[in-house]
Each structure stands twice: as structure tokens, then as C-alpha cells.
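The values are calculated or read from the model by the stated rules, or taken from the named source; none is laboratory data. None of the values given here were measured: they were computed from a predicted structure. Note that each Cβ is placed from the backbone with ideal geometry, even for glycine, and that neighbours are counted across all protein chains shown. When the accessible area is computed, the model is the full protein with side chains, heavy atoms only, and any ligands, DNA or RNA have been set aside. Shrake-Rupley method; radii C 1.70, N 1.55, O 1.52, S 1.80 Å.
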Amino acid sequence: MTRRMLSSPIDSRSQTFYYRNSTTNCAPCKFKRRLKAEAQGSLDILLSLRKSFEEYRTFQDEWTEEFAFVERAGSAVCLICNDKIASMKRSNMKRHFDTRHATFASKYPAGDSRKKVCQELLSRVQASQQQLRVWTRQGDYNSDSFAGSLAIVRNGKPFTDGEYAKTFMLDVANELFDDLPNKDKIIKRIQDMPLLARTVRDRAVMMANQVEETQVKDIHAAPFFSLALDESTDISHLSQFSVIARYAAGDTLREESLAVLPIKGTTRGENLFKPFIEFAQEKNLPMDKLISVCTDGALCMVGKNKGFVALLRENENRPILSFHCIRHQEALSAQLRDGQLGEVMSLVIRVINFIVARALNDRQFKTLLDEVGNNYHGLLLHSNVRWLSRGKVLSRFAACLNEIWTFLEIKGIKHPELTETEWLLKFYHLVDMTEHLNQLNVKMQGIGNTVLSLQQAVFAFENKLELFIMDLETSCLLHFEKLRQFKDACTVSEPTQNFDLHPLAGFTSSLLQSFKARFGEFREHTRLFNKHMWTEMKKLQREDQLIIKTWNKLPVTYHTLSIAVLTIFGSTYACEQSFSHLKNIKSNLRSRLTDESLNACMKLNLTEYQPDYKAISKSMQHQKSH
């Protein structure tokens with residue numbers, strides 16, 4: 001009925017009024033309005049409760065005088081015991097004060113006495129905070145600690161020597177700066193410098209990580225880089241894999257130790273390749289720039305199918321040059337393959353062992369040397385793993401030969417070979433030849449030697465060997481000093497005696513053939529490189545040829561076209577040097593050194609980069625020594 005009435009033409013204003021009244025006076029609408037009012041009332045109550053709750057959880061100033069608490073970083077801190085209360089409620093502070101500090105409450109009852117004591121405690125805390133801010137602004141003790149840690153590590157000292165160094169500095173400073181007005185300030189600075197063992201270790205790791213980041217960054221910027229790889233065993237019988245990289249950083253050719261990787265199990269090719277490739281991926285090394293690898297020639301390195309180099313080529317899917325260390329090949333070429341010279345060396349070793357390996361004989365022989373006024377005070381034991389050992393042992397044996405004869409006669413030991421002219425000719429020839437070999441070995445030692453310089457040293461020695469053969473065949477002996485002196489002495493005592501030196505020339509010729517056979521690989525690489533360079537030169541225009549000729553007149557360090565060749569390792573001397581540092585760092589007194597600490601010490605000892613520890617220090621919180 002109502003709807004029908006609305007359908008009739010009526011005033012629009014009355015229609016609106018009717019709808020308004022009909023929709024606001026019904027029962028459901030009244031119920032909704034009541035619920036809305038109740039909800040609004042509940043919301044007001046909740047807001048009021050929240051406001052009072054927040055006011056209740058806000059720190060009140062009177063709590064300082066009442067319970068000895070202050071607000072610090074959103075927490076309530078007790079001025080008496082420095083304990084923190086996370087929930088900032090009056091009841092929590094009251095309970096803490098009543099249970100923990102009942103004696104304080106009884107001694108200083110609520111009132112002026114407690115208020116005065118709490119104010120004194122608050123003043124002490126504020127003074128301590130202010131002193132800490134002043135100390136932080138005045139001194140950078142982290143930089144001092146980094147400098148001390150770097151000196152300790154680079155001198156191969158244990159981390160625990162930090163406290164000794166600090167004690168040493170304090171004792172010296174106490175006397176050295178005795179007449180200075182700021183002596184107390186200097187001593188205080190030294191006392192505040194943190195140099196605990198753990199601190200020194202952490203500083204070393206941070207500096208090593210920074211150096212490593214710089215190395216990787218420079219390798220990315222370099223056009224090429226090469227690797228020298230070798231493996232050795234440390235004092236704890238753990239195999240260590242040394243990785244040395246050579247690359248051009250600007251106008252400088254750098255030779256840096258990238259890592260010393262521990263090998264837990266066997267040392268086959270795959271056991272060495274897996275940790276290396278994981279390290280390369282972790283550090284994001286640009287393996288596409290790797291052009292050559294130099295190894296010691298062991299089977300695990302150069303095996304045809306499962307050697308390290310083979311696995312590396314397979315992983316990179318491209319050819320990579322591989323070189324056998326020239327110094328290793330020189331040592332192999334210099335081995336005594338001739339049976340007669342080998343017998344000479346064996347007799348020398350037997351005599352030395354008889355004298356030196358027995359304590360009584362060693363003491364008596366040293367006494368004999370002192371009595372006759374010999375310049376030396378004993379013989380040297382021979383070691384096969386030391387490449388210069390044979391030459392030094394033979395040289396010392398020759399210098400003490402008369403005393404050795406006398407001593408063996410006293411002991412009743414007979415070695416008639418020591419007085420035979422033929423044996424002595426071979427002996428003195430061996431002394432002179434090993435001296436020449438030692439000079440070659442020493443010449444090839446050192447960091448930064450390029451493969452070209454090492455090749456030239458070997459090729460020049462081969463030319464010397466040809467000259468030595470002619471010298472022996474003509475009996476001039478211009479390059480065999482000890483042999484010539486023995487021959488002249490024999491000629492003086494027996495002028496008619498003839499010396500057949502052709503067998504010695506044959507020994508030298510065998511050595512020459514051994515060198516040529518060993519170093520054929522390097523000759524082939526050199527020939528191919530020169531051929532490639534000449535082919536590329538022919539493709540250039542005349543102006544470009546003129547530019548190349550101009551570049552050739554510049555020092556080789558700045559020769560752009562030779563960067564790849566300059567980065568190639570010719571020997572693993574850098575790896576052997578790293579193992580010498582490894583032996584000093586991880587000694588029998590530090591055999592439990594962790595892999596991370598060992599790697600940090602090795603890197604800081606071998607790198608030419610200077611760690612920017614001031615930059616590291618700025619990013620750290622300054623801390624005093626405890």
C-alpha cells in the first residue's frame with residue numbers, strides 16, 4: 001500500500017521526508033545505532049586505557065630517586081648494579097630494588113639521603129660516558145693495534161707475542177720518555193692499545209681479506225695472468241697447495257700469493273683441482289684471462305687425463321699453456337747419471353757420515369781442524385732435497401781433504417781412492433762442475449724472473465758447457481780452478497806425469513746432452529712465439545710496423561705486446577719460498593694453527609701490498625685494552 005501511494009504523483013520534498021522517517025524509525029536501524037554507540041564507547045575506553053598504559057610504561061623521573069634507575073636506550077638501567085629491565089614498569093623496578101638492594105634501601109631510606117646518593121651515582125655514570133666520548137675522539141687505538149699486529153705477523157711471531165710487545169713498549173717508554181712532560185699520557189696510550197692474542201689474530205685476518213680483495217680487483221683489471229702451483233706437507237702432516245699469481249697492475253708486474261689451500265685427503269689431480277676451482281669461483285677470478293700454469297712436473301699436476309692441468313683445460317674448454325719448472329729441470333739434468341762420478345760422490349758421503357754422524361768423531365775432527373788452523377770448523381752433511389747442498393759439501397770436503405786423510409789414518413780407516421790420481425781428477429772436476437751448477441741455480445732464484453730470462457740463463461749455460469768441453473779437451477782448464485790447482489801440484493811433484501782429461505770431457509758432454517733434452521719444450525714454445533709474432537708483423541701496414549719497432553726500443557716492462565709473455569712463470573720458486581714461510585709460521589710450537597689464521601699470516605708475509613688498516617679501523621668501533 002505504501003509503495004502504491006509513492007507511485008502517485010506527489011511532491012518530491014514530501015517523498016524524501018517519508019523515506020527518511022521510514023528508514024530511521026524501524027527496529028533494525030535502532031539496533032544498529034545502539035551497536036554503533038556501544039562500539040564507539042568501547043573504542044573510547046580502549047584509547048583511554050592505551051593512553052594510561054603508555055603513560056604507565058613511560059619512565060618517570062621520580063623512579064631515579066625512589067629506586068636508583070635511569071633510562072638508557074629505551075631500557076631502565078640500575079645505577080647500583082647496571083642491570084637492565086626491558087619492561088619499563090614501576091612494579092618491576094620496585095621488585096628489583098627490594099630483592100637485590102635491600103641493604104642499600106635500609107642504609108639510605110627514602111628521602112633526602114637516598115636522593116643525594118642516587119644523584120651521586122648518576123653523576124658518576126654521566127662522567128664515565130663523557131670520558132668515553134672524549135677518548136673515542138682523541139685516539140684511534142684500532143690503528144695502533146693494526147700496526148702492531150701487522151709487525152707481529154710479518155716477523156713470523158705467534159699471536160700471543162702481542163702482550164709481550166706491549167710489556168716491552170711500556171718498560172722502554174717508562175725510561176725513554178722519563179724527561180718528557182707528557183710521559184703519563186704516552187704510557188696511558190700504550191696501556192690502552194689492545195694487543196691480546198685473539199685481537200692480533202682478528203686484525204691479521206681482516207688485513208689479509210683486504211689484501212685479497214685488492215689482488216682480485218687488480219687481476220680483473222689485468223689483461224692476462226698466470227699461475228705457479230706446488231704442493232707440500234706441513235708440520236702437522238697436512239698437505240698445503242700454494243697458488244701464486246703473476247699479473248700486470250699498471251706499469252708493475254706483480255707476483256702475489258692468492259691462497260694456501262689445505263688438502264685433507266689424498267693429493268691426486270682431482271683432489272687438488274676441486275679446492276682450487278671452488279676458491280676461484282668464490283673469489284670470482286677471471287679464469288678466461290688465465291694463459292699459463294707452471295708446476296713441478298709431478299704426475300698429479302701434468303697427468304694426461306686426470307692431472308690438474310688436464311682437468312683445468314677440460315673445465316675451461318680451451319688450451320692453457322703448461323710449463324715444467326726450469327729450476328726443477330735443471331736439478332734433474334744435473335743429476336749424476338755417470339756411474340764413475342756417482343761412485344765418487346758416494347765415497348765422499350760415506351766418509352762425511354763416518355765423521356759427522358758420530359758425536360765423538362765429530363768432536364775429534366773439529367779439534368784437529370782447530371789445531372792445524374783450518375778456516376772451517378767441520379764438514380757439511382749432504383741433503384738430496386737441497387739443490388745447493390752437493391756443491392757446498394764437495395767444496396768443504398776439498399778444503400779439508402788433507403785433514404780428512406790424517407783423521408782416517410788415526411782411526412785406522414782405509415780408503416785408498418782418496419790418494420789415487422785418477423779418482424782425485426774426477427773429484428776435483430766434480431767440485432768445479434757443481435760450483436758452476438750452483439751459480440746457475442742461484443741466478444735463476446728470486447721473485448719476478450720471467451720465463452724469458454730463465455730460458456736465456458739455461459741456454460747461456462749450455463753454451464758454457466760447450467766451452468767447458470773444449471777447455472777439458474785442450475787441458476787448459478781455464479774454467480776449472482780446483483782441477484787446475486791439483487794438476488799443477490801433481491806436475492810439480494812429478495813433471496813427467498801425463499793426465500788424460502778426455503773422460504772428464506765426456507762427462508761434461510753427457511751433461512750438455514741432458515740439458516738439451518730437458519729444455520726442448522721451452523725451445524719449442526719460444527720458436528712458436530717468435531713465429532707467431534713475425535706472422536702478425538707481416539699483416540701490419542707500414543705505419544703500424546713503424547709503431548711496433550718504436551715499441552721494441554722501449555724497456556721490456558712497458559712493452560704492451562709482451563705482457564702475456566712477461567706474466568708466464570718459468571719456475572715455481574715463489575711456491576718454494578711460500579713453503580719456507582709456511583715452515584717458519586706453522587712450526588712444531590704452532591702446529592695447531594687454523595687454516596684461516598695460516599692463510600692470513602702467509603698472505604701478509606708474501607704480499608707486496610700494504611694493508612690500509614686505517615680504512616679498516618674507521619669502520620670499526622674503538623675499543624680500549626681490557
For segment 221-282, what relative contact order do you get, as a whole percent, if you take Cα pairs closer than 8 Å and at least 6 residues apart?
26 percent
Expressed in nm to one decimal, what extension gain is obtained for the pair residue 283 and residue 587 from 0.36 nm per residue of sequence separation less their Cα-Cα distance?
106.6 nm
How much length, in nm to one decimal, is gained on full extension between residue 175 and residue 422, taken as 0.36 nm per residue of separation minus their Cα-Cα distance?
82.0 nm
Measuring from label point to label point, each 7 Å out along Cα→Cβ, what is the residue 210 to residue 360 span in nm?
6.2 nm
Per residue, how much accessible surface does segment 226-282 expose to a 1.4 Å probe? Answer in Å², no decimals.
39 Å²
Could you state how much accessible area residue 428 has, in square angstrom rounded to the nearest 10, with a 1.4 Å probe and all protein chains kept in place?
30 Å²
Please compute the modelled spin-label separation between residue 388 and residue 120, points set 7 Å along Cα→Cβ, answer in nm with one decimal.
7.3 nm
Using r as the Cβ-Cβ distance of residue 340 and residue 314, and R0 as 56 Å, what FRET efficiency do you calculate, to the nearest 0.05?
0.75
What accessible area per residue comes out for segment 61-129, rounded to a whole number of Å², with a 1.4 Å probe?
60 Å²
Rounded, prolate or oblate (a/c below 1.5 giving rounded, otherwise prolate when a/b exceeds b/c) for segment 440-500 by Cα gyration tensor
prolate
Ordering 332, 593 by accessible area with a probe of 1.4 Å, largest first, what comes out?
332, 593
All other residues with a Cβ under 10 Å from the Cβ of residue 392 taken together, and with Lys, Arg as +1 and Asp, Glu as -1, what is their net charge?
+2
Segment 415-472: GluC sites (Glu not before Pro) in DSSP coil with no more than 16 other Cβ atoms inside 10 Å:
420
Heavy-atom accessible area of residue 235 with all protein chains present, probe 1.4 Å, nearest 10 Å²?
80 Å²
So how do 604, 381, 478 rank on accessible area, 1.4 Å probe, biggest first, that is with the largest at the start?
478, 381, 604
Probe 1.4 Å - accessible area at residue 385, Å² to nearest ten:
120 Å²
Between residue 447 and residue 498, what is the FRET efficiency for a Förster distance of 56 Å, r being their Cβ-Cβ separation, to the nearest 0.05?
0.65
Could you give the nm distance between label points at residue 402 and residue 456, where each point is 7 Å from its Cα heading toward the beta carbon?
4.4 nm
Would you mind working out the accessible area per residue for segment 332-538, using a 1.4 Å probe, and quoting it in Å²?
54 Å²
Using a Förster distance of 56 Å, the FRET efficiency for residue 164-residue 478 (Cβ separation, nearest 0.05):
0.50
Roughly to the nearest percent, how much of the accessible area of segment 61-129 is carbon and sulfur, given a 1.4 Å probe?
47 percent
